[in-house]
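The block underneath contains the structure these notes are about, expressed in structure tokens.
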Amino acid sequence: MKECLAKKLILIGFDGGNPPFIEKFVREGRLPNISKLMKEGVYSETFPVMPCDTPTNWCTIVTGAWTGTHGITSFHVHLPGEPLNRMHFSVRSYWSKAEFLWDAAAKVGKKTAAIMWPVSFPPTCKSCIFIDGTGPGDPQWRLDYSVLYTTKPIGESYRHRADIPVKLTEANGWRNVPSSRSKPLEATIEVSSGAAMVWTEKGWESLEVSTPKKTSVKHHVLIIDSEGSGYNKVIIAREKDASKPLATLKPSQWSGWIYETLERGTLSEEEKRLDFRELPKGAFKGYFKYKLVELSRDADVFTLYRTDIFMASGWAYPENLTQELIENVGPFIEGLELTTPTLAHGDWETYFESIDMQVEWQIKASKYLKEKYNPDLLLVQIHTQDAINHQLARDIDPNNPNYDPAKAEIAWERFARTYEDVDRLVGGIMKECADDETLIVLLSDHGAIPVYKLAWVGVALMRKGLLAYKRDPETGKTVVDWSKTKAYPWRTYIFVNLKGRDPDGIVEPEDYKKVQEQIIQALYEMRDPETGECPIALAVRKEEAEILGQWGERVGDVLYYLKPGYTDVDLDRDRALKLSVEELESLRDVETSSEICAHHQFLPNVTYGGMSVKAVFIMKGPKVKKGYRRRTPIWQVDVAPTIAYALGIPEPKQCDGKVVYDFFET
């Protein structure tokens, strides 16, 4: 083993952390722990690798590899020889072609414990500890997603489709009913909503289909007026017996953890298409919490929040560690810190309380693992900033046509609260787990910027005869007409439908470069009808993309990146197929976007609307310079080799990055 500067590592990642925000809140004195790290260590902006998104960059951070090397090409991976619209959900370790930092450390006897580090599941190191390791909102150990039982549902227009209508009636058949000054009311709720969801850049999204459930667990709700001033208390029970409550709640109160056994439903066709492989099957004990968000005195408004239902097994490695953590730290839910469906009802407090619970769990788990297993490398990741970016990015942008200073002030305060939670996480873990010989690194994977318009490259390709759709005569649905399609777009990639390589290929190999050029020309001819601007910042052939860290068989034949303010995320996952052929043909190059924020489709140096796509890097430890701010950003590929250098361990095998020597004292 090489000479080491530090004996231990604490690596804390916060998804979507934005450099301008960190600097603002540090100046305002709101982040004391992060401020101390910066004063006693080094600070740098970081260029994310492209695509600038979650799985790509969390993988790069712990491999030191460019996208072309590790092969995690955004949230989806396309494999050569498969239909061009066949994609695999990429947030799994087996899709990485590069060695991870924990595997390199294990070769010299170092043990790693990783908490919620994306792309670390399934485990690749038998001597390491892994908690979760999937991606935000992943279905791996979820029995169901969070819901709201409410008398005031928002309706189908809300994309999360998490509202479950409730009708309150006069209570009947209950035993042991407490004294109530008004007639007791009741409702029966199903624990499983049957929603099939997945987390994308847009946040939690419905897969538009229901996942069949094989069990139906019902809870009975009794609402009483215990003080004579209106309805003020809710009792939740498995049977209509108020003396056997699962929870007794007043408005704004949370229940304890509630356990139920549910049989996992079969995969929907959409989940199968995205290749969620090896999901547990059968009946499992799961846990969740309720919160009574709102109960009006006349019971006209009743809103009960239920968290995700998470399995009480399987989410930690080694396997017996799951029960050990539940008993000693408490139940765990990956994604508890993600935005809750209560936001649609104007309730932000439940969201912040959920973040608080996740931060507390991570601190307690880190302390427990430190005391019981004493890992040499401790990795912890939390998904707070990315989640809120996708809710509020427009509100703080002074160039927003609908900018409202009062609304911006509220948004800034909400942003600040999430950064304060990260600061609390940093302070808690440092207090419980760090000493003078520990290297402490705080970083984000990417930033984000606000967006307002949808630039759909498919319109340009259709206009040039490169992409075609048709109506399936049997189903009546819109499908790709592969017999006429020469180019197929997917996020920042466009694949040539090449004969001999692709199952439905029609482009002759000798015409490959010609079609590439036609695609690029079509992109650069796109125009925003309002401004006349081309929304494309850069379009290149695959062969020219090595300078962008993109190469290999999983990368598209043409790569494109958008100018700030534009997005293409609205039509992910073949969403174009939900439109008729006539609707597709009527689309313009640029339309109004419903999306608030994006990052994957931009070049990594972009700043816009007071935000940045760049990420954050802060490091403190033995022989690390104090109070040093780097003038130019590092790249995410430089993180792993820099950490390996400080720890005196080998770099991961396929590492492409370099040690940032100017971070260290000479």
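The values are calculated or read from the model by the stated rules, or taken from the named source; none is laboratory data. Computed from a predicted model, the values in this text were never measured in an experiment. Here Cβ is always computed from backbone atoms with ideal geometry, including for glycine, and neighbour counts include all displayed protein chains. Areas reflect the complete protein model, heavy atoms only, side chains present, ligands, DNA and RNA absent. Shrake-Rupley method; radii C 1.70, N 1.55, O 1.52, S 1.80 Å.
If you go through the range 345-355 and keep only what is out of contact with any Phe, Trp or Tyr (no Cβ under 7 Å at 6 or more places or on another chain) and open to solvent by less than 20 Å² (accessible area, probe 1.4 Å), you end up with Tyr351, Phe352, Ser354, Ile355. Considering only residues in the range 536-559 that are acidic (Asp, Glu) and either without any contact (Cβ under 8 Å) to a residue 40 or more places away in the chain or in contact with a helix residue (DSSP H, G or I) (Cβ under 6 Å, 6 or more places away or on another chain) (or both), the one that is surrounded by the most Cβ atoms within 10 Å (Cβ to Cβ) turns out to be Asp557.
Scanning the range 427-461 for residues that are among the small types (Gly, Ala, Ser), open to solvent by 10 Å² or more (accessible area, probe 1.4 Å) and touching a Pro at 6+ places or on another chain (Cβ under 8 Å) yields one hit, Gly427. Yes or no: the range 360-367 includes at least one residue that is in contact with a helix residue (DSSP H, G or I) (Cβ under 8 Å, 6 or more places away or on another chain), more than 20 Å from Met611 (Cα to Cα) and of a type in the set (Val, Ile, Thr). Within the range 360-367, one or more residues are in contact with a helix residue (DSSP H, G or I) (Cβ under 8 Å, 6 or more places away or on another chain), more than 20 Å from Met611 (Cα to Cα) and of a type in the set (Val, Ile, Thr). Condition check for Gln358 on (1) outside any helix (DSSP H, G or I); (2) of a type outside the set (Gly, Ala, Ser); (3) open to solvent by less than 10 Å² (accessible area, probe 1.4 Å); (4) without any contact (Cβ under 8 Å) to a residue 60 or more places away in the chain: one failure, at (1). For the range 46-53, state whether one or more residues are acidic (Asp, Glu) and in a loop (DSSP other than H, G, I, E, B). Yes, because at least one residue in the range 46-53 is acidic (Asp, Glu) and in a loop (DSSP other than H, G, I, E, B). Applying a threshold of 9 Å to beta carbon distances and a minimum spacing of six or more residues, or different chains, the list of pairs starting in the range 640-651 at a residue that is among the charged types (D, E, K, R) and ending at one that is assigned to a helix (DSSP H, G or I) and open to solvent by less than 10 Å² (accessible area, probe 1.4 Å) reads Glu651/Leu101; Glu651/Ala104; Glu651/Ala640; Glu651/Pro641; Glu651/Ala644.
Just give me the residues in the range 284-308 being within 10 Å of Glu260 (Cα to Cα) and either open to solvent by 10 Å² or more (accessible area, probe 1.4 Å) or at pLDDT below 95 (or both), in sequence order. Result: Phe284, Lys285. Scanning the range 13-44 for residues that are within 24 Å of Lys625 (Cα to Cα), under 21 Å from the mean Cα position of the chain (by Cα) and buried (at least 24 other Cβ atoms within 10 Å of the Cβ) turns up Gly13, Phe14, Gly17, Asn18, Phe21, Ile22.
Taken over the range 541-559, the criterion of being over 17 Å from Thr56 (Cβ atoms) and acidic (Asp, Glu) is satisfied by Glu543, Glu544, Asp557.
Here's the yes/no breakdown for (1) over 24 Å from Gly427 (Cα atoms); (2) polar (S, T, N, Q); (3) crowded, with 22+ Cβ neighbours inside 10 Å:
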site: Val613; (1), (2), (3): yes, no, yes
site: Pro641; (1), (2), (3): yes, no, no
site: Ala644; (1), (2), (3): no, no, yes
site: Ile649; (1), (2), (3): yes, no, yes
site: Asp656; (1), (2), (3): yes, no, yes
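Restricting attention to the range 205-215, does a residue exist that is assigned to a strand (DSSP E or B), open to solvent by 40 Å² or more (accessible area, probe 1.4 Å) and modelled with pLDDT of 95 or more? Within the range 205-215 (the criterion being assigned to a strand (DSSP E or B), open to solvent by 40 Å² or more (accessible area, probe 1.4 Å) and modelled with pLDDT of 95 or more), the answer is no, since none of the residues qualifies. Residue by residue through the range 161-179, note down the ones that are touching a residue at least 40 places away in the same chain (Cβ under 8 Å) and either open to solvent by 40 Å² or more (accessible area, probe 1.4 Å) or basic (Lys, Arg) (or both). Listed by number, the residues that qualify are Arg161, Gly173, Arg175, Asn176, Val177, Pro178, Ser179. Contact map, the range 617-637: first residue touching a residue at least 40 places away in the same chain (Cβ under 8 Å) and surrounded by 22 or more Cβ atoms within 10 Å (Cβ to Cβ), second residue assigned to a helix (DSSP H, G or I) and among the small types (Gly, Ala, Ser), Cβ cut-off under 7 Å, separation 6 or more or different chains; pairs are Gly621/Ala646.
Looking across the range 485-535 at every residue that is closer than 21 Å to His88 by Cβ and among the basic types (Lys, Arg), the one that is most open to solvent (accessible area, probe 1.4 Å) is identified as Arg501. Scanning the range 187-196 turns up at least one residue that is at pLDDT 95 or above, open to solvent by less than 50 Å² (accessible area, probe 1.4 Å) and in a strand (DSSP E or B). Of all the listed residues (Asp574, Asp568), the sole one being at pLDDT below 95, open to solvent by less than 20 Å² (accessible area, probe 1.4 Å) and under 31 Å from the mean Cα position of the chain (by Cα) is Asp568.
Looking at Lys126, Lys111, Lys107, Lys97, just one residue is in contact with a Gly (Cβ under 8 Å, 6 or more places away or on another chain) and either surrounded by fewer than 21 Cβ atoms within 10 Å (Cβ to Cβ) or over 15 Å from Leu336 (Cβ atoms) (or both), and that residue is Lys97. Do we find that Ser182 is in contact with a Gly (Cβ under 9 Å, 6 or more places away or on another chain), surrounded by 16 or more Cβ atoms within 10 Å (Cβ to Cβ), hydroxyl-bearing (Ser, Thr, Tyr) and at pLDDT 95 or above in this structure? For Ser182, the condition - in contact with a Gly (Cβ under 9 Å, 6 or more places away or on another chain), surrounded by 16 or more Cβ atoms within 10 Å (Cβ to Cβ), hydroxyl-bearing (Ser, Thr, Tyr) and at pLDDT 95 or above - is met. The conditions of being out of contact with any Cys (no Cβ under 6 Å at 6 or more places or on another chain), under 17 Å from Asp638 (Cα atoms), of a type in the set (Val, Ile, Thr) and open to solvent by 10 Å² or more (accessible area, probe 1.4 Å) are not met by Thr63. The one condition from (1) under 31 Å from the mean Cα position of the chain (by Cα); (2) under 23 Å from Asp589 (Cβ atoms); (3) of a type in the set (Gly, Ala, Ser) that Gly532 does not meet is (1). Tell me, yes or no, whether the range 387-407 has at least one residue that is under 30 Å from Cys125 (Cβ atoms) and crowded, with 22+ Cβ neighbours inside 10 Å. Yes: one or more hits. Annotation note: Cβ proximity below 7 Å between a residue of the range 72-92 that is closer than 17 Å to Thr485 by Cβ and a residue that is of a type in the set (Asp, Glu) and modelled with pLDDT of 95 or more (sequence gap 6+ or interchain) occurs for Pro83/Asp504; Leu84/Asp502.
For the range 319-340, the criterion of being in a helix (DSSP H, G or I), touching a helix residue (DSSP H, G or I) at 6+ places or on another chain (Cβ under 8 Å), open to solvent by less than 10 Å² (accessible area, probe 1.4 Å) and of a type in the set (A, V, I, L, M, F, W, C) is satisfied by at least one residue.
Might you check whether a residue that is more than 18 Å from Glu23 (Cα to Cα), in a strand (DSSP E or B) and modelled with pLDDT of 95 or more occurs anywhere in the range 370-377? Yes, that holds for at least one residue.
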